[in-house]
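Trainee: Just passing along the structure, written as structure tokens.
The values are calculated or read from the model by the stated rules, or taken from the named source; none is laboratory data. The model shown is predicted, which means the values in this text are computed figures rather than measured ones. In this analysis, Cβ positions are derived from the backbone assuming ideal geometry, glycine residues included, and neighbour counts consider all displayed protein chains. Note: areas computed on protein heavy atoms with side chains; ligands, DNA, RNA excluded. Shrake-Rupley method; radii C 1.70, N 1.55, O 1.52, S 1.80 Å.
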Amino acid sequence: MDKGNPRELWEYVLTQIELSISPANFNTWFRNSFIVKIGEDSVIYIGVPSQFFKDWYLKKFHSLLLKIVRDVSYEFRNIEYLIVKDEHRKIPKETKNVRGAMELPLDEFYINKSDSLNPRYTFETFVIGSFNNLAYAASQAVLNRPGITYNPLFIYGDTGRGKTHLIQAIGNQFKKQYPGQKVFYLTSEKFVVDYTDSVQAGTANRFKDKYRHYDLLIMDDIQFLSKKEKSEEELFHLFNALHDMNKQIIFSSDRSPVSIPDITERLKGRLASGMTIDIGEPDPESRMAIVKKKAASHGVILSDEVIEYVATSMSGSIRELEGMVNSIICHAQVKGFAPDIAEVRQSLRSFTRPQKNISVKNVVDRVAEYYGIDEESIYEKTRRREVVRPRQVIMYLLREDFSASYPTIGTKLGGRDHTTVIHSCEKIKREVIVDSELAKEIQDIRTLLV
Amino acid sequence: MNISIEKKEFSEAVHTASRFAERKSGTLPVLSSILILAGDDGIKMRATNLETGIDLKINGEVKSDGVVAIPAVVLQQIASSLTNDGKIDLEHTGDIVSLVSGMGKSSIKTVPYDDFPLIPFPENPKNRIVLPGVLLRSLFTTVASCASTSTIRPELSSIYIVIEGGILTAVATDSFRLAEKKVPLSNKGTQGKFLIPAKNAMEIAQALPDDDIIMSFDENQCAFVGNTGMIVSRLTNATYPDYRQIIPKESIVEAIVLRKDFEMALKRTTVFSDSFQKVRVSFDPKKKSFSFFARNADIGESSETLPAQISGSALDISFNHRYLSAVLALTSAESISILASGIGRPLILKGVGDTSLLYLVSPMNQ
């Protein structure tokens, strides 16, 4: 707070007063008051609407107000009350001044307006490992001869593997290599929204023209186009137009073109017509390299021990890995030095999944409760259908989620043979894939067990 | 506290005081209460909504001293249902007040009175004049209706009071019409001017006694002190527009009509006025007639001609009929003088023989 700014000072005073008097009192007496000015002799002048207020402030609130402003600064000598002119009562809203200093930077989320590219994504920050080697090579080929070598370039892989980073890096590099050429990055969702908006506004023609003049078009997450037939058709025409003019197109998706459900065959064929590359799961070495590079880009040097811990403690996407690194960096920035392994363990506890220590009985209880059967019957030798299914689900859960051994599960559930258990687990595992009802049930039970 | 008051006195006091209590909810509960004080200087009722405030003296018997705050609405409802003569006794024990009148007894929960505000008296009442309350009341009630009801310009929703050379002038305008009323004062020395919110003035007018009162004011506050108590009001802190410059100095035509002719003719014509409430006024010096004309596309049209004394040139000009008829409430003169100074210029209405009033109406676009 700037104690020289009457507005900020008053806001602070109000928050303090609000705590010490009743809401009705506060609304009655403080709604229409404000600090008129802070005099040169360090006297604060408070503007009030009428004599009623002035008398009451002097009688009731003077000492409280004085205490609050003295807490802010001992400089303030006194408070005086002025009855202000009605026309001056409503003070113009000050434009919010931008605060610098203590804000942690958010420039990672800065996005260039003209091409929607995030300048953070470059090849310099891109870690190349065995898992994305091919994709990287292809993107370099595209950059060397855009529109000719691999058109379209289709990159797919699970979430958090660096697809977006790679394709945006291509865009950023393209801008650098070919100044004057136009690049545009968008997600397929944005494309759909844009299209529907333009249809609604009756400007579909302008929409067509807009996308046709780009030299490099990058479309992310193409799988979201499924079932949006009109947009697909529009994309189909756009594709043809760009492809005919030898303009480079890059797509990304979380699965290969052939396995994107519900998109028309002719679009599928076109998506796959150029180069289709898969980004696999990063190997541990690559993960360590990613952690190292990411931390270094923020000026934080982490010990090898920490890097290894972060890279291996969690399997999963690179995005989650980045989240962990970010939180370490934040810690380092606040404390002023890089954390050691113990601290990292402490601060990353929230990222690692909680260790589940639930007894077999607990699981049985929950599942029995979920299916509305008597839990005793689970342990019995009965083969009634309504009991068999839950029993198999329990076995499956114990095996999958709690990694109990087959013989243990067998003994705990009324002395069954381990082969029975294996059979049950395999059966549920098979059925879960095809039976969405069962999958949902298991999902529900899992949430109950957490 | 234990007091005893005549029922009639009690209900009048409650009705007067409750006008000044806060009617909006969401503020301090004590603001919507009436504070009753019993002490060495008799019984008093106080109420305030932080705009205006009243401190009312009541005749009654004080058996024991004390202070109590009671919701104004409750008191008002009780007061309006009191019948017969006789006394009402108030006794305060704990947080309950018992009201005993005749055979009935009611117990009312009190409101904590710690937060009851002070009622401020002007700090430096060097500006003070004495005038009859009844005069001030009629001044406020007539002029206040011409003030603006919008709060956007606080000065226009106020009555402008100027005291100069032994004359008190009250002015109110909502920028479409303006009323100026003058009353002579017995005390010629005082000078000054202030703006009192019209809403407050209306409330105060209802509570003013008929006898002489002392009106005092300073920059922010004014007070009306009579032998029955004191009323205060916040003043508007704003500059009043220089209204005198819009009053036309000369006129091109003047008509004098009888009040009752004017009233009836206008009333009939307004039936046919359109959604803009437009009525055309015509001065015809040749035929010695003054006429109203109104046309409504849905209803029809009407013209009313009334005999008049006219001097000047012929003129047709349109007005909002509500603003024309308002003059009737401002003066009680038998004849009304109407002065026009041309197309697009305001019309002046006065009561013949009544020099206290000046009423100005802006014309509507033709």
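Trainee: Take the residues of region A:197-220 that are surrounded by fewer than 19 Cβ atoms within 10 Å (Cβ to Cβ) and among the acidic types (Asp, Glu): which is modelled with the lowest pLDDT?
Mentor: A:Asp209
Trainee: Filter region A:169-191 for residues that are under 20 Å from A:Leu238 (Cβ atoms) and open to solvent by less than 20 Å² (accessible area, probe 1.4 Å) and give the result.
Mentor: A:Ile170, A:Gly171, A:Phe174, A:Val183, A:Phe184, A:Leu186, A:Ser188, A:Phe191
Trainee: For region B:14-22, does any single residue satisfy the condition of being within 14 Å of chain A (Cβ to nearest Cβ), out of contact with any helix residue (DSSP H, G or I) (no Cβ under 6 Å at 6 or more places or on another chain) and either of a type in the set (A, V, I, L, M) or assigned to a loop (DSSP other than H, G, I, E, B) (or both)?
Mentor: Checking region B:14-22: at least one residue is within 14 Å of chain A (Cβ to nearest Cβ), out of contact with any helix residue (DSSP H, G or I) (no Cβ under 6 Å at 6 or more places or on another chain) and either of a type in the set (A, V, I, L, M) or assigned to a loop (DSSP other than H, G, I, E, B) (or both).
Trainee: From B:Val171, B:Val143, B:Val162, which residue is hydrophobic (A, V, I, L, M, F, W, C) and more than 17 Å from B:Ala238 (Cα to Cα)?
Mentor: B:Val143
Trainee: Tally the residues that are touching a Lys or Arg at 6+ places or on another chain (Cβ under 6 Å) and either surrounded by fewer than 17 Cβ atoms within 10 Å (Cβ to Cβ) or within 14 Å of chain A (Cβ to nearest Cβ) (or both), restricting the search to region B:163-188.
Mentor: Number satisfying all stated conditions: 2.
Trainee: From the list B:Val74, B:Val67, B:Val97, B:Val62, which one is surrounded by 15 or more Cβ atoms within 10 Å (Cβ to Cβ) and assigned to a helix (DSSP H, G or I)?
Mentor: Result of the check over B:Val74, B:Val67, B:Val97, B:Val62: B:Val74.
Trainee: Quick test of your reading of the structure: B:Ile214 fulfils all but one of (1) in a strand (DSSP E or B); (2) open to solvent by 50 Å² or more (accessible area, probe 1.4 Å); (3) closer than 24 Å to B:Thr331 by Cα. Name the failing condition by number.
Mentor: (3)
Trainee: Identify, please: which residue in region B:301-322 is of a type outside the set (Ser, Thr, Tyr) and touching a residue at least 60 places away in the same chain (Cβ under 8 Å) and is, among those, surrounded by the most Cβ atoms within 10 Å (Cβ to Cβ)?
Mentor: B:Leu315
Trainee: Of the residues B:Lys267, B:Lys287, which single one is more than 14 Å from chain A (Cβ to nearest Cβ), in a helix (DSSP H, G or I) and either more than 32 Å from the chain's Cα centre (by Cα) or under 20 Å from B:Cys146 (Cα atoms) (or both)?
Mentor: B:Lys267 is the lone residue from the list that is more than 14 Å from chain A (Cβ to nearest Cβ), in a helix (DSSP H, G or I) and either more than 32 Å from the chain's Cα centre (by Cα) or under 20 Å from B:Cys146 (Cα atoms) (or both).
Trainee: A further question on this structure: Consider only pairs whose beta carbons are under 7 Å apart and that are at least six residues apart or on different chains; among these, list those whose first residue lies in region A:234-252 and is of a type in the set (Ser, Thr, Tyr) and whose second residue is in a helix (DSSP H, G or I).
Mentor: Close Cβ pairs satisfying both conditions: A:Ser252/A:Lys163; A:Ser252/A:Thr164; A:Ser252/A:Ile167; A:Ser252/A:Ile222.
Trainee: Specify the residue that is nearest to the other protein chains (Cβ to nearest Cβ); the eligible residues are those in region B:2-12 that are open to solvent by 10 Å² or more (accessible area, probe 1.4 Å) and either in contact with a strand residue (DSSP E or B) (Cβ under 6 Å, 6 or more places away or on another chain) or acidic (Asp, Glu) (or both).
Mentor: Filtering region B:2-12 for residues that are open to solvent by 10 Å² or more (accessible area, probe 1.4 Å) and either in contact with a strand residue (DSSP E or B) (Cβ under 6 Å, 6 or more places away or on another chain) or acidic (Asp, Glu) (or both), the one nearest to the other protein chains (Cβ to nearest Cβ) comes out as B:Glu12.
Trainee: I'd like the residue in region B:19-37 that is open to solvent by 10 Å² or more (accessible area, probe 1.4 Å) and of a type in the set (Gly, Ala, Ser) and, out of all such residues, is nearest to A:Asn32 (Cα to Cα).
Mentor: B:Gly26
Trainee: Pull up region A:296-312, narrow it to residues that are surrounded by 15 or more Cβ atoms within 10 Å (Cβ to Cβ) and within 22 Å of the chain's Cα centre (by Cα), then point me to the one that is nearest to A:Pro284 (Cα to Cα).
Mentor: Ranking the qualifying residues of region A:296-312, first place goes to A:Ala311.
Trainee: Which of the residues belonging to region A:1-16 are open to solvent by less than 30 Å² (accessible area, probe 1.4 Å) and either free of Cβ contacts under 8 Å to residues at least 40 places away in the same chain or within 14 Å of chain B (Cβ to nearest Cβ) (or both)?
Mentor: A:Asn5, A:Trp10
Trainee: Oh, and also: If A:Phe34 passes every condition in (1) open to solvent by 70 Å² or more (accessible area, probe 1.4 Å); (2) within 30 Å of B:Ile231 (Cβ to Cβ); (3) away from chain B (no Cβ under 14 Å); (4) hydrophobic (A, V, I, L, M, F, W, C) but one, which one does it miss?
Mentor: Among (1) open to solvent by 70 Å² or more (accessible area, probe 1.4 Å); (2) within 30 Å of B:Ile231 (Cβ to Cβ); (3) away from chain B (no Cβ under 14 Å); (4) hydrophobic (A, V, I, L, M, F, W, C), A:Phe34 violates only (1).
Trainee: Condition first: modelled with pLDDT of 90 or more, in contact with a Ser or Thr (Cβ under 6 Å, 6 or more places away or on another chain) and more than 14 Å from chain A (Cβ to nearest Cβ). Can you find one or more residues in region B:74-86 that meet it?
Mentor: So far as region B:74-86 goes, yes, one or more of its residues are modelled with pLDDT of 90 or more, in contact with a Ser or Thr (Cβ under 6 Å, 6 or more places away or on another chain) and more than 14 Å from chain A (Cβ to nearest Cβ).
Trainee: Moving to a separate point now. For region B:189-207, give me each residue that is away from chain A (no Cβ under 14 Å) and open to solvent by less than 10 Å² (accessible area, probe 1.4 Å).
Mentor: Passing the criteria: B:Ala201, B:Ile204, B:Ala205.
Conditions tested, residue by residue: (1) among the small types (Gly, Ala, Ser); (2) within 19 Å of the chain's Cα centre (by Cα); (3) within 14 Å of chain A (Cβ to nearest Cβ).
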site	(1), (2), (3)
B:Ser101	yes, no, no
B:Tyr113	no, no, yes
B:Leu136	no, yes, no
B:Thr151	no, yes, yes
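Trainee: Among the residues of region B:217-252 satisfying the criterion of being assigned to a loop (DSSP other than H, G, I, E, B) and of a type in the set (A, V, I, L, M), which is farthest from the other protein chains (Cβ to nearest Cβ)?
Mentor: B:Ile252
Trainee: While we're on this one: Go through (1) within 14 Å of chain B (Cβ to nearest Cβ); (2) closer than 27 Å to B:Ser32 by Cα; (3) under 46 Å from the mean Cα position of the chain (by Cα); (4) open to solvent by 50 Å² or more (accessible area, probe 1.4 Å) for A:Leu19 and report which single condition fails.
Mentor: The failed condition is (1).
Trainee: When the residues of region A:116-127 are filtered to those that are touching a residue at least 60 places away in the same chain (Cβ under 8 Å) and either touching a helix residue (DSSP H, G or I) at 6+ places or on another chain (Cβ under 7 Å) or among the aromatic types (Phe, Trp, Tyr) (or both), which remaining residue is surrounded by the fewest Cβ atoms within 10 Å (Cβ to Cβ)?
Mentor: Among those that are touching a residue at least 60 places away in the same chain (Cβ under 8 Å) and either touching a helix residue (DSSP H, G or I) at 6+ places or on another chain (Cβ under 7 Å) or among the aromatic types (Phe, Trp, Tyr) (or both), it is A:Thr125.
Trainee: Out of A:Asn133, A:Asn172, which single residue is farther than 22 Å from A:Ile260 by Cα, out of contact with any Pro (no Cβ under 8 Å at 6 or more places or on another chain) and modelled with pLDDT of 85 or more?
Mentor: Of the residues listed, the single one that is farther than 22 Å from A:Ile260 by Cα, out of contact with any Pro (no Cβ under 8 Å at 6 or more places or on another chain) and modelled with pLDDT of 85 or more is A:Asn133.
Trainee: Here's a follow-up. Residue by residue through region B:45-59, note down the ones that are touching a Ser or Thr at 6+ places or on another chain (Cβ under 9 Å) and not in a strand (DSSP E or B).
Mentor: Of everything in region B:45-59, those that are touching a Ser or Thr at 6+ places or on another chain (Cβ under 9 Å) and not in a strand (DSSP E or B) turn out to be B:Asn49, B:Leu50, B:Glu51.
Trainee: For B:Asp274, are the conditions met, namely being closer than 23 Å to B:Cys146 by Cα, open to solvent by 30 Å² or more (accessible area, probe 1.4 Å), assigned to a loop (DSSP other than H, G, I, E, B) and of a type in the set (Asp, Glu)?
Mentor: Yes, satisfied.
Trainee: Still on this structure, I have one more. Name the strands (runs of 3 or more DSSP E) wholly within region B:298-366 that hold at least 1 residues that are charged (D, E, K, R)?
Mentor: So the answer is B:300-307, B:315-320, B:347-351, B:354-361.
Trainee: Now for a separate question. Applying the selection to region B:100-132, what residues are over 30 Å from B:Asp212 (Cβ atoms) and open to solvent by less than 80 Å² (accessible area, probe 1.4 Å)?
Mentor: Answer for region B:100-132, where residues must be over 30 Å from B:Asp212 (Cβ atoms) and open to solvent by less than 80 Å² (accessible area, probe 1.4 Å): B:Val100, B:Ser101, B:Gly102, B:Gly104, B:Ser106, B:Ser107, B:Ile108, B:Thr110, B:Val111, B:Asp115.
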